[in-house]
Protein chains: 2
Amino acid sequence: MTTTPKPGWAQTDLAGTVSRETGVPVEFDTDVNGAVLGEQRWGAARGLDTFVYVTVGTGIGGGGMAAGRLLHGLVHPEMGHMLLPRDPEADPYEGHCPFHGDCLEGLASGPAIEKRWGRPASELPPDHPAWTLEAEYLALAAVNLTLVLSPQRIILGGGVMAQAQLFPEIRRRVKERLSGYVRSAAILHEIDAYVVPPALAGRAGVLGALALAELAPGGRRDFVSQ
Amino acid sequence: MTTTPKPGWAQTDLAGTVSRETGVPVEFDTDVNGAVLGEQRWGAARGLDTFVYVTVGTGIGGGGMAAGRLLHGLVHPEMGHMLLPRDPEADPYEGHCPFHGDCLEGLASGPAIEKRWGRPASELPPDHPAWTLEAEYLALAAVNLTLVLSPQRIILGGGVMAQAQLFPEIRRRVKERLSGYVRSAAILHEIDAYVVPPALAGRAGVLGALALAELAPGGRRDFVSQ
């Protein structure tokens, strides 16, 4: 572990300690990458090698795979902080991200919804205008993810996505915004299978850790039953 | 080849024909991916496994690698059509992309600059306000690429980038917009090596094709001298 806002954990050799104490190989990755691995192995991304997983809750995080490998690169993706068009007339709320103001997380996370409308997101009825705006921002994010990564699927999870009415709205807007530019049947004709909820829900963390364990040096692909 | 706006080329079996006539293995990819391969093998991305290459000219195109593999996914990336924040007071020009209006290409390609200012980009002096605006849009795009892909480097090429004064402006804005959120020395301390021009310039196409040929089934890594 390097830097972290969690008190007492900075510079902790977590993987080394666990490995020494238990005598088993240890791999270490972000929680989102765990969910990415779990969804690919047992969930909504089975059979795919390029996809993204975005979790929309207290914050917005994202991870994914390209050509079968986890996205890492320089550090790791921070898709939740993507910059998007915002029309101040339609949405005067300036966003709450302490780093970027009106980035995706600043506009569309659970706390952003609560601050904009003065009530917790979970208390807003399904026909509240909050959800139209939320679908718009998540659609813009999905459009940019499509254009940058060309994923075979976009998985949207997290507490906010428990509002299932968001999915058809997001799908419709993704298609509309792309305007036929990405000429793939997945978008033009099968958008319902392109923007989807996760399949593992609350089990993604544990199952993702199992999938990660298989990738560890000395890890075995056969230690969990299919 | 599948669909293409070029008359007479749709559904042409180009790779098959060349392969049959010449008797050598053939690989087929986009011109941007050729440049990506060339820059990684001999140019500005040597030693990197995750980076992007964006070309800013008549249109804006982009490609890249993640964990050493070309980005393909569903079809291929169309980074040039990314959606970005636009402040209509600072820039009332509505963009010229026939598909998305004010996407990156609609706002920042060569023709967009010409339409906005009434003169070809190449005729605008280096201190023209056009370049401040151009740097802003390209910085926003670089920020989103950083957040989505976490590349180790962003290469900006194409005719518009011949305006070398753009680079320091883009770098400054990328750093400012990220606000220290991506805690990597590459961005915090070495931004000059993070956003860079290509090294191969006009030779990227041919050298990229050579790099691609090495990857073809039966291709050889030693047929071009290092």
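The values are calculated or read from the model by the stated rules, or taken from the named source; none is laboratory data. Everything numeric here is computed off the predicted structure, so don't read it as measured data. A quick note on method: Cβ atoms are made from the backbone with ideal geometry, for glycine too, and the neighbour counts reach across all protein chains shown. SASA here: full protein model, heavy atoms, side chains in, ligands and nucleic acids out. Shrake-Rupley method; radii C 1.70, N 1.55, O 1.52, S 1.80 Å.
Charge tally for A:D49 (other residues, Cβ to Cβ under 10 Å; Lys, Arg +1; Asp, Glu -1): +2. Heavy-atom accessible surface of region A:27-172, averaged per residue, reaches 35 Å², computed with a 1.4 Å probe. Name the shape class, rounded, prolate or oblate, that the alpha-carbon gyration tensor gives for region B:54-109, where a ≥ b ≥ c are the square roots of its eigenvalues, rounded holds for a/c under 1.5, and otherwise prolate holds if a/b is larger than b/c and oblate otherwise. In terms of gyration-tensor shape, prolate. Ranked by solvent-accessible area (1.4 Å probe, protein heavy atoms only, all chains present), the residues A:D31, A:D91 order from largest to smallest as A:D31, A:D91.
About the centre of its Cα atoms, chain A shows a dipole size close to 520 debye [charges on the beta carbon of Lys, Arg (+1) and Asp, Glu (-1) only; nearest 20 debye].
Hey, what angle do you get for helix A:204-215 against the long axis of chain A, alpha-carbon based, 0 to 90 degrees rounded to 10? Tilt relative to chain A: about 40 degrees. The calculated FRET efficiency for B:D49 paired with A:S184, based on their beta-carbon distance and R0 = 30 Å, is about 0.70. Only helices enter this figure: runs of n ≥ 4 DSSP H residues, each worth -39500 (n - 2.57), summed and divided by the residues of chain B, yield -11000 deg cm²/dmol at 222 nm to the nearest 500. Going by the alpha-carbon gyration tensor, a ≥ b ≥ c the square roots of its eigenvalues, is the protein assembly as shown rounded (a/c under 1.5) or, if a/c is not under 1.5, prolate (a/b greater than b/c) versus oblate? In terms of gyration-tensor shape, rounded. Can you give the net charge of the other residues whose Cβ lies under 12 Å from the Cβ of B:I60, counting K and R as +1 and D and E as -1? Its environment carries a net charge of -3. Taking the Cα centroid of region B:101-159 and of region B:182-204, what is the distance between the two, rounded to the nearest whole Å? Using only Cα atoms, the two centres lie 16 Å from each other. Roughly speaking, what is the centre-to-centre gap between region A:36-87 and region B:29-94 when only Cα atoms are used, to the nearest Å? Spelled out, the Cα-based centre of one part sits 19 Å from the other. In this simple spin-label model, placing a label point 7 Å from the Cα along the Cα-to-Cβ direction at both A:F99 and B:E94 gives a separation of 3.5 nm.
Using the Cα gyration tensor of region B:104-226, with a ≥ b ≥ c the square roots of its eigenvalues, what is the shape: rounded (a/c below 1.5), prolate (a/b larger than b/c) or oblate (neither)? Since a/c reaches 1.5 but b/c is at least a/b, the shape of region B:104-226 is classed as oblate. Considering only A:L166, A:L37, A:L149, the mean-square fluctuation computed in a Gaussian network model of chain A, springs between alpha carbons under 10 angstrom, is largest for A:L149.
Determine the alpha carbon to alpha carbon distance for each of B:K6/B:K175; A:K6/A:K115; A:K6/B:K175 and list only those over 30 Å. Too far apart for the 30 Å limit: B:K6/B:K175.
Net charge of the neighbourhood of B:V182, taken over other residues with C-beta under 11 Å away and scored Lys/Arg +1, Asp/Glu -1, is +2. Axis-proximal residue of chain B for the rotation onto chain A, reported as residue and distance in whole Å: B:A66, 2, based on Cβ position. GNM remark for chain B: springs join alpha carbons under 10 Å apart, and the peak mean-square fluctuation among B:V75, B:V206, B:V24 falls on B:V75. Here the relative contact order of region A:121-218, from alpha carbon pairs under 8 Å that lie six or more residues apart, stands at 32 percent. Sorted from closest to farthest, the other copies place their B:R172 label points 4.5 nm away, with each point set 7 Å from Cα along Cα→Cβ. Applying the Karplus relation 6.51 cos²θ - 1.76 cosθ + 1.60 with θ = phi - 60° to region B:57-65 yields 3J(HN,Hα) values of x, 4, x, 10, x, x, x, x, 10 Hz, where x marks Gly and Pro. Residues of region B:92-133 with an amide N closer than 13 Å to a point placed 7 Å from the Cα of B:E176 along the Cα-to-Cβ direction: B:132-133. Within region B:118-226, the trypsin sites (Lys or Arg not before Pro) that combine a DSSP coil assignment with at most 12 other C-beta atoms in a 10 angstrom radius are B:R183, B:R220, B:R221. Take the accessible area of B alone and of A alone, subtract that of the pair with a 1.4 Å probe, and the total buried over both chains is about 3600 Å².
The same position A:S184 in the other copies lies at 2.3 nm from this copy, comparing label points 7 Å beyond Cα toward the beta-carbon, shortest first. Given R0 = 41 Å, the distance between the Cβ atoms of A:R20 and A:S122 translates into a calculated FRET efficiency of 0.45.
Annotation for A:P120, label-to-label distances across the other copies: 6.3 nm (shortest first, one decimal, point 7 Å from Cα along Cα→Cβ). Once the Cα atoms are used to define both axes, helix B:31-42 deviates from the longest principal axis of chain B by about 80 degrees.
Positive-end ranking of A:P198, A:S122, A:P111 along the dipole of region A:81-226, with charges on Cβ about the Cα centre, is headed by A:P198. For the protein assembly as shown, the dipole from Cβ point charges (+1 on Lys and Arg, -1 on Asp and Glu) about the Cα centre works out to 900 debye, to the nearest 20.
Atom-type composition of the exposed protein surface of the protein assembly as shown places 54 percent of the accessible area on carbon and sulfur (1.4 angstrom probe). Looking at region A:1-101, the GluC sites (Glu not before Pro) that sit in a DSSP loop and have at most 11 other Cβ atoms within 10 Å of their own Cβ are A:E89.
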